[in-house]
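What follows is a set of notes on a single structure, which appears directly below.
Every number here is computed from the coordinates shown, using simple stated rules; none is lab data. What you see is a predicted model; the values in this text were computed from it and never measured. Note that we place each Cβ from the backbone using ideal geometry, even for glycine, and neighbour counts take in every protein chain shown.
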Amino acid sequence: MTTSSAPTPRPALPMHPYADRYSVHATMPEQGVPREQILRELQEMSALEDRKGDSGRVSGSIYSGDHDHYSFLVKAFEHYAHANVLQRDMYPSATKMESEIIAMTADMLHGDDDTGGLVTSGGTESLVTAMLTYREWGHNKKGITHPQVIMPVTAHPAHSKAFHYFGIDAVIAPVTAEQVVDLDFVRDHIGPNTVALVGTAGTYPHGLIDPIAQLGQLALEHGIGLHVDGCLGGFVLPWARDLGYDHTSFDLAVPGVTSISADTHKYGYALKGSSVLLFRPKALRREQYRVIDGWPGGMYASPSMGGSRSGGLIAATWASMLNMGKTGYRSIAADIFRTAGEIKEAVRAHPELTLIGDSLFNVAFRSDVVDIFHVNDGLADRGWRMNGLQLPPALHFCVTRPNTQEGVTEAFAHDLAEAVAYAKDPPSPMPKSGAMYGAGGSERPALDQILSAVADRLDAMNEVGRQQ
Ligand SMILES: Cc1ncc(COP(=O)(O)O)c(C=O)c1O
């Protein structure tokens, strides 16, 4: 292989933050770039970018942070990197691994003999698939043509994507002052078209658990489904009881829960791109199967939305779960719960701040005294990446393994005190940060900024193209 032309310095564009260091590839290179160069660039960029997460000052996002664990997962991935598990006969081992991932998750979440599941590409696919399942179930079993799902306002937006994709009417239930679903509202709104209820075990905003037992009762009374979104909490909350925390049940142990999602790529410490969706009864899983038999390419069937799927991700997920075992998960959960406790203490030390609920792992707080986003600005200036929330404006610190390192909570307590002082006398009335999911509360977004983000991306690409 020959080397491509030397990097040409270009003005940094928003979508090309490395334009001053590396070539910008707005077109495919005629001659392939040597592997060593590609790997060097990747190594340099990732090492630089990992520093932030590894520092322990980031809320959520990086769940394990153990680079030895990642190397092990990558080795597991390597054996199956090329394997397409759509071709079942080619890779029977993938069937073994997938069914064991489902079985291990069902064991952790108190499934029974009538529990079945799917391995999906992430939390969003698990939730979207669950919603599709209930729509199909309502249609096939009850003849419902205008399906309706009732979910709390705090439930993840992936549900809303599903409602939009699949023409499901959403009834958004308010939450109580405790930020969990208002059961009276749910009870009052169940009607003949309701196919399912949604509750969350470990809400994204506040890490709280909706009253799953009561939702289960309602689901049973009305003969409808109940999906529990355990995408975030599903692999960390199960260990709370073992560790001596007083904790209510939220999983398949609860009568009336008919499906639950739990993300292996979050607190399951697998590589990104995997999640588990469990159904009880098992037969519910069939509702979302699609068999297309009149296609010239042959009779087509796949167990979930994806077509071709990576054997590597299944192998890495299986390897992570098997290697962690219950002891491994429990031990990290203990560190996470302890760290979250210390962060709550740091927040409680400030009368200006109010904790929202009492999550074991995801500490949310707001303020009636200062603008909470000024507090966030003060923390961001000191290297912390919190998540900004809205309705009400608040911040959360979703504790993951990197945050459990020694010294992190002490540093947080120190910097929080400085950030609160900053917020009491801010340099400008308008904070720099705001509540933008996935942006770490780092920028105060305007709606038009969000809407134009996609267009900006295309413009940036075209601009680079024109400069070539
Ligand atoms: C409660 C909850 N559900 C679903 C999701 C969506 O997961 P993913 O980003 O893997 O699609 C998240 C993501 O943080 C979450 O917190």
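The H on the amide N of Gly202, modeled in the peptide plane, is under 5 Å from the matching H of Leu208, Ile209, Asp210, each at least 5 residues off or on a different chain. Based on Cα atoms of the chain, Rg over Rh with Rh as the Kirkwood radius reads 0.98. If each Cα of the range 270-352 is one equal point scatterer, what is log10 of I(q)/I(0) from the Debye formula at q = 0.17 Å⁻¹? These q points yield log10 I(q)/I(0) values of -0.93.
Starting from the coordinates of the alpha-carbon atoms of the range 122-229, obtain the Kirkwood hydrodynamic radius over all distinct pairs and give the value in Å to one decimal. Result for the range 122-229 stands at 13.5 Å. Quick check: the distance between the Cα centres of the range 164-199 and the range 28-75, to the nearest angstrom? Answer, in whole Å: 41. Here the spin labels are modelled as points 7 Å beyond Cα on the Cα-Cβ line, and at Val369 and Asp425 they lie 1.5 nm apart.
Computed from the Cα positions only, the extents of the range 329-447 along the three principal axes stand at 43, 29, 25 Å, in decreasing order. For the chain, the mean residue ellipticity at 222 nm estimated from helices alone is -13000 deg cm²/dmol, where every DSSP H run of n ≥ 4 contributes -39500 (n - 2.57) and the total is divided by all residues, rounded to the nearest 500. Shown here: the range 76-321, whose C-alpha atoms stretch 52, 49, 30 Å along the first, second and third principal axes, sorted largest to smallest. Highest mean packing comes first when the peptides 404-413, 225-234, 144-153 are listed by Cβ atoms within 10 Å, giving 225-234, 144-153, 404-413.
Each part reduced to its alpha carbon centroid, the range 329-391 and the range 233-254 end up 21 Å apart. With the simple spin-label model, which puts each label point 7 Å out from Cα in the Cβ direction, the His247 to Glu178 separation comes to 1.8 nm. Loop-located GluC sites (Glu not before Pro) across the range 125-195 with a Cβ neighbour count of 16 or fewer within 10 Å are Glu178, with loop assigned by DSSP. Listed cross-link partners Lys282/Lys326; Lys142/Lys272; Lys52/Lys432 are compared with a 26 Å cut-off, the Cα-Cα value being larger for Lys142/Lys272. Using C-alpha pairs below 8 Å separated by at least 6 residues, the relative contact order for the chain is 18 percent. Computed from backbone phi with θ = phi - 60° and the Karplus coefficients 6.51, -1.76 and 1.60, the 3J(HN,Hα) list for the range 17-27 is x, 9, 4, 7, 10, 10, 4, 9, 9, 7, 10 Hz; x is used for glycine and proline. Measuring r between the beta carbons of Arg21 and Asp112 and using R0 = 56 Å, the FRET efficiency lands at 0.55. Taking the DSSP beta bridges with both ends in the chain, the antiparallel portion is around 60 percent.
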